[in-house]
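Worksheet: the structure to be examined is printed underneath.
The values are calculated or read from the model by the stated rules, or taken from the named source; none is laboratory data. None of these values were measured; they are calculated from a predicted model. With ideal geometry, Cβ positions are generated from the backbone for all residues, glycine too; neighbour counts draw on all protein chains shown. To get the accessible areas, we keep the full protein, side chains included, count just its heavy atoms, and leave off ligands, DNA and RNA. Shrake-Rupley method; radii C 1.70, N 1.55, O 1.52, S 1.80 Å.
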Amino acid sequence: MTKRRDETRTTDTLDRLRAEIEDRNPAQPEFLQAVAEVLDTLAPVLADRPEYAEPGLVERLCEPERQIIFRVPWQDDRGRVHVNRGFRVEFNSALGPYKGGLRFHPSVNLGIVKFLGFEQIFKNALTGLGIGGGKGGSDFDPRGRSDAEVMRFCQSFMTELHRHIGAHTDVPAGDIGVGGREIGYLFGQYRRITNRWEAGVLTGKGPGWGGSLIRPEATGYGNVLFTAAMLRERGEDLEGQSVVVSGSGNVAVHTIEKLTALGANPITCSDSSGYVVDEKGVDLDLLRQVKEVERARIGTYAQRRGASARFVPGGRVWEVPADVALPSATQNELDGNDAAALIRNGVKAVSEGANMPATPEAVQLFQRSGVAFGPAKAANAGGVAVSALEMAQNASRTAWPAVRVEEELARVMADIHTTCRETAARYGSPGDYVTGANIAGFERVAEAMVAQGVI
Ligand code: NDP
């Protein structure tokens with residue numbers, strides 16, 4: 001009874017705090033969405049652990065330690081000058097150096113970077129690997145730009161960013177629009193400006209110059225392992241299941257690769273122009289040729305694949321019936337209507353490869369319908385986990401074989417799955433991975449923040 005009263009009191013406090021955060025961060029809907037999703041699940045842990053409910057702790061957690069915004073001027077191949085905006089939000093370093101990717105996409109603004117940085121705090125805590133949360137990027141659009149233009153942009157971006165990062169301070173990696181090519185240009189410029197071979201300043205490097213094997217694969221592979229673990233809880237297996245995957249970038253490609261290896265049938269992929277459905281299963285070699293080598297649009301895949309594949313311009317993969325759905329493109333790409341369609345078609349599990357791809361309405365529908373739902377903080381943590389392993393290899397000047405990294409990745413994903421499941425059960429929400437991930441991540445960060453005082 002007392003416990004329920006405590007929970008009601010903390011829910012009231014959290015509602016007030018949420019209103020204050022909304023007032024202080026206008027016009028940042030994605031950030032407010034990410035904060036609301038976490039605050040909505042914290043009442044039981046704050047009621048149970050009064051030291052975490054001390055005034056100021058949750059407020060501090062929701063305010064970035066540092067926000068950096070800078071001008072990024074660069075010249076295109078015709079000599080025309082462009083000016084983009086660069087961001088780095090250093091959100092929380094209670095558990096380790098800030099860690100999180102850089103996103104280059106025209107939709108990037110401060111609110112997007114803050115939402116990603118906020119999510120990253122809990123995700124990184126869940127890995128148990130001693131990394132804080134941060135995120136960055138730019139509204140630069142690499143699509144249609146030559147290699148030389150992308151290089152000049154990356155060099156200009158790093159000319160400012162280098163002041164703020166370091167192996168013990170803040171360690172960026174890739175995200176949308178930032179892959180191996182961009183990390184190479186960024187690392188080169190950092191090395192040139194600082195005159196230091198500081199491998200641990202960026203992750204996602206090439207394997208020949210400090211990168212970890214399996215880092216490119218890790219996010220997609222990790223999400224597939226997490227999905228398999230959720231299905232096993234229900235006495236099911238991934239083998240033979242049909243899977244809809246969205247996106248065709250780093251996360252989607254490696255998701256499709258692992259699904260195929262485990263005997264599942266990934267039947268879709270997409271980009272911002274539409275989606276492809278391929279009843280025979282996505283042909284990974286063709287997909288990589290089209291997207292990674294030619295950097296062409298997804299329709300090209302269907303043109304070359306033959307009768308089994310069809311391109312649906314402007315469509316959403318969620319209308320295709322499947323057993324499992326793995327959103328792997330971008331935030332809010334799966335809404336309530338999409339969730340209803342998936343449920344009508346009998347989906348059993350949905351797991352987020354992208355960050356916050358399902359809207360709050362979609363998440364609620366999945367949970368109410370008994371669909372196993374893996375939230376991004378837990379399900380896509382494999383990427384940052386292997387980034388932390390890359391930092392460990394850099395610090396010890398060694399390179400681990402792929403098999404060792406993959407074993408570690410599997411261990412981390414299994415631990416995260418167990419932690420989320422047990423935490424959810426401990427706080428009265430068995431099977432609710434959203435609550436489990438939020439509370440387990442929060443407990444680890446909160447403990448460190450309380451121990452380190454009001455800073
Ligand atoms: P990529 O840039 O490699 O690929 C992104 C894919 O998503 C492309 O197919 C792109 O299509 C599509 N996409 C991006 N924005 C939109 C949009 N607004 N509408 C429709 N489609 C879109 O990025 P990643 O694969 O690295 O990242 C995908 C997601 O995974 C992101 O949410 C990212 O934050 C998350 N993530 C990535 C990690 C990593 O290790 N890379 C780690 C953890 C999470 P198009 O080319 O047409 O834009």
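Taking all Cα pairs closer than 8 Å and separated by 6 or more residues, the relative contact order of segment 97-171 comes to 42 percent. Here the accessible area of segment 178-257 is 46 percent carbon and sulfur, with a 1.4 angstrom probe and all protein chains present.
Residues in segment 237-299 average 37 Å² of solvent-accessible surface per residue, probe 1.4 Å, ligands and nucleic acids excluded. Here the gap between S369 and E422, fully extended at 0.36 nm per residue and compared with their Cα-Cα distance, gives a gain of 17.0 nm. Please say if segment 212-272 is rounded, prolate or oblate, where rounded means a/c under 1.5 for a ≥ b ≥ c the square roots of the C-alpha gyration tensor eigenvalues, and otherwise the choice is prolate for a/b larger than b/c and oblate otherwise? The shape class here is oblate.
The listed peptides 395-401, 10-16, 113-119, 154-160, ordered by packing as a protection proxy, come out as 113-119, 154-160, 10-16, 395-401 (highest mean of other Cβ atoms within 10 Å first). The shape of segment 274-395 comes out oblate: with a ≥ b ≥ c from the C-alpha gyration tensor, a/c is at least 1.5 while a/b does not beat b/c. Surface analysis of segment 331-395 yields an accessible area of 28 Å² per residue, using protein heavy atoms and a 1.4 Å probe. Ordering G134, L287, Y185 by the projection of their Cα atoms onto the charge dipole of the chain, which places +1 on the Cβ of Lys and Arg and -1 on the Cβ of Asp and Glu, puts Y185 at the extreme positive end. Which of the pairs K205/K280; K123/K258; K99/K205; K135/K348 have their Cα atoms more than 24 Å apart in this structure? Exceeds cut-off: K205/K280; K135/K348. Shown is the FRET efficiency for E54 and R304, computed with R0 = 51 Å from the Cβ-Cβ distance and rounded to the nearest 0.05: 0.25. Solvent-accessible area of segment 1-90 (1.4 angstrom probe, protein heavy atoms only): carbon and sulfur portion equals 47 percent. A simple packing score, the average count of other Cβ atoms within 10 Å per residue, orders the peptides 185-194, 70-79, 373-382 as 373-382, 185-194, 70-79, with the highest score first.
Here the accessible area of segment 365-436 is 52 percent carbon and sulfur, with a 1.4 angstrom probe and all protein chains present.
Working note: 222 nm ellipticity from helices only, DSSP H runs with n ≥ 4, each -39,500 (n - 2.57), summed and divided by the residues of the chain, gives -15500 deg cm²/dmol to the nearest 500. Computed from label points 7 Å out along Cα-Cβ, the spacing between I455 and A148 is 4.7 nm.
Take every pair of alpha-carbon atoms less than 8 Å apart whose residues are at least six positions apart; their mean separation over the length of the chain yields a relative contact order of 15 percent.
Of the DSSP H helices in the chain, those with a Cα length along their own long axis of 15 Å or more and a mean Kyte-Doolittle hydropathy reaching 0.5 comprise 29-48, 110-127, 382-395, 433-451. Describe numerically, in nm with one decimal, the distance between label points set 7 Å from Cα along Cα→Cβ at W197 and at E447. So the two model labels end up 3.8 nm from each other. Accessible area per residue for segment 1-79, computed on protein heavy atoms with a 1.4 Å probe, is 59 Å². Were the residues from A261 through N345 laid out at 0.36 nm apart, the gain over their Cα-Cα distance would be 27.8 nm. Taking packing as the residue-averaged number of other Cβ atoms within 10 angstrom, the listed peptides 53-63, 99-109 run from highest to lowest as 99-109, 53-63. Net length available on complete extension from R181 to N337 is 52.5 nm, with 0.36 nm assigned per residue and the Cα-Cα distance removed. Could you tell me which of rounded, prolate or oblate describes segment 36-142, using a ≥ b ≥ c as the square roots of the eigenvalues of the alpha-carbon gyration tensor, with rounded for a/c under 1.5 and, failing that, prolate when a/b is larger than b/c and oblate otherwise? It is prolate, given that a/c is not under 1.5 and a/b is the larger ratio.
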